[in-house]
Amino acid sequence: MPIENPSREEIGQILKKAKRIAVVGLSANPDRTSYMVSEAMKNAGYEIIPVNPLVDEIFGIKAVASLKDIKGHVDIVNVFRRSEFLPEIAKEFSEIDSDVFWAQLGVENEEAYDFLKEKGYTVIMDRCIKVEHALTK
C-alpha cells in the first residue's frame, strides 16, 4: 500500500503526548543530523534513548545496542538509518512496547510500512521529527 502519514494535526497530538523517544542510529558526532535533531528534542523536554551498538553514551545517556535492550514503554522510535534497514528495524519495533514508528526525512520503505500498518501501528515516514515538533507546537 502507498505510504500515508497521519495528518499534521495527528502528528501534533502524537508529539504532545509522547515523553520517551528511542533514536535508532543516533550518532555521537555533533555534526550529524541525528545528533542535532535528537539534541533539539532532548532540549524540548523529551527523554532520548540512544540506540547504537557502536557507542557507549550520547548526551551523557547510556546507549543501548538494540530496541530490545530498552526497559519500559517507548512512545516513539525515531529511525536514522537508511531505508533498506527499515524492514529489519520494523520487526524489532513490533517486539517492544512502543506506539509510533517514525522514519526521518528521506527515509521510507513500503515493506516496513505495510508490515507495521497490518499490525495496527502508527507509522510516520520521510518526516523530520524536529520540524514537525516546531510546526505543531
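The values are calculated or read from the model by the stated rules, or taken from the named source; none is laboratory data. Since the model is a prediction, treat every value here as computed from it, not as a measurement. With ideal geometry, Cβ positions are generated from the backbone for all residues, glycine too; neighbour counts draw on all protein chains shown. With ligands, DNA and RNA removed, areas are computed over all heavy atoms of the protein, side chains included. Shrake-Rupley method; radii C 1.70, N 1.55, O 1.52, S 1.80 Å.
If each residue of separation counts as 0.36 nm, what is the full-extension length gain between Lys119 and Glu39 once their alpha-carbon separation is subtracted? The partial results should precede the final answer.
Working: separation 80, 0.36 × 80 = 28.80 nm, distance 3.07 nm.
Working it through step by step, the gained length comes to 25.7 nm.
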Can you pull the Rg over Rh of the chain, Cα-only, Kirkwood?
-> 0.92
In the stretch 7-89, the trypsin sites (Lys or Arg not before Pro) that sit in a DSSP loop and have at most 12 other Cβ atoms within 10 Å of their own Cβ are Lys19, Lys71, Arg82
Give, as a single signed number, the net charge of other residues whose beta carbon lies under 15 Å from the beta carbon of Lys71, with Lys and Arg counted +1 and Asp and Glu -1.
-> -1
Say each of Arg82 and Ile3 gets a label point 7 Å from the Cα, pointing the same way as Cα to Cβ; how far apart are those two points in nm?
-> 1.5
For the stretch 3-72 and the stretch 109-125, what is the separation of their Cα centres, given in Å?
-> 19
With r defined as the distance between the Cβ atoms of Val131 and Asn29 and R0 fixed at 30 Å, what FRET efficiency is calculated, to the nearest 0.05?
-> 0.90
Accessible area (Å², per residue) of the chain, counting only protein heavy atoms and a probe of 1.4 Å = 53
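To the nearest 500 deg cm²/dmol, what mean residue ellipticity at 222 nm is calculated for the chain from DSSP H runs of n ≥ 4 alone, each contributing -39,500 (n - 2.57), summed and divided by the residues?
Working: 5 runs with 46 residues, N = 137.
Counting only the DSSP helices, I get -9500 deg cm²/dmol.
Figure the gain on full extension for Lys16 and Glu111 (residue separation times 0.36 nm, minus the Cα-Cα span) and round it to one decimal in nm.
Numbers: separation 95, 0.36 × 95 = 34.20 nm, distance 2.83 nm.
Here the segment from Lys16 to Glu111 would lengthen by 31.4 nm.
Using only alpha carbon pairs under 8 Å that are at least six residues apart, calculate the relative contact order of the chain and give it in whole percent. Walk me through the numbers on the way to the answer.
On the way: 235 pairs, mean separation 36.3, N = 137.
Reported relative contact order: 26 percent.
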Please turn the phi angles of the stretch 24-29 into ³J(HN,Hα) values with the Karplus equation 6.51 cos²θ - 1.76 cosθ + 1.60 (θ = phi - 60°), one per residue in order, whole Hz, x for glycine and proline.
-> 7, x, 5, 8, 7, 7
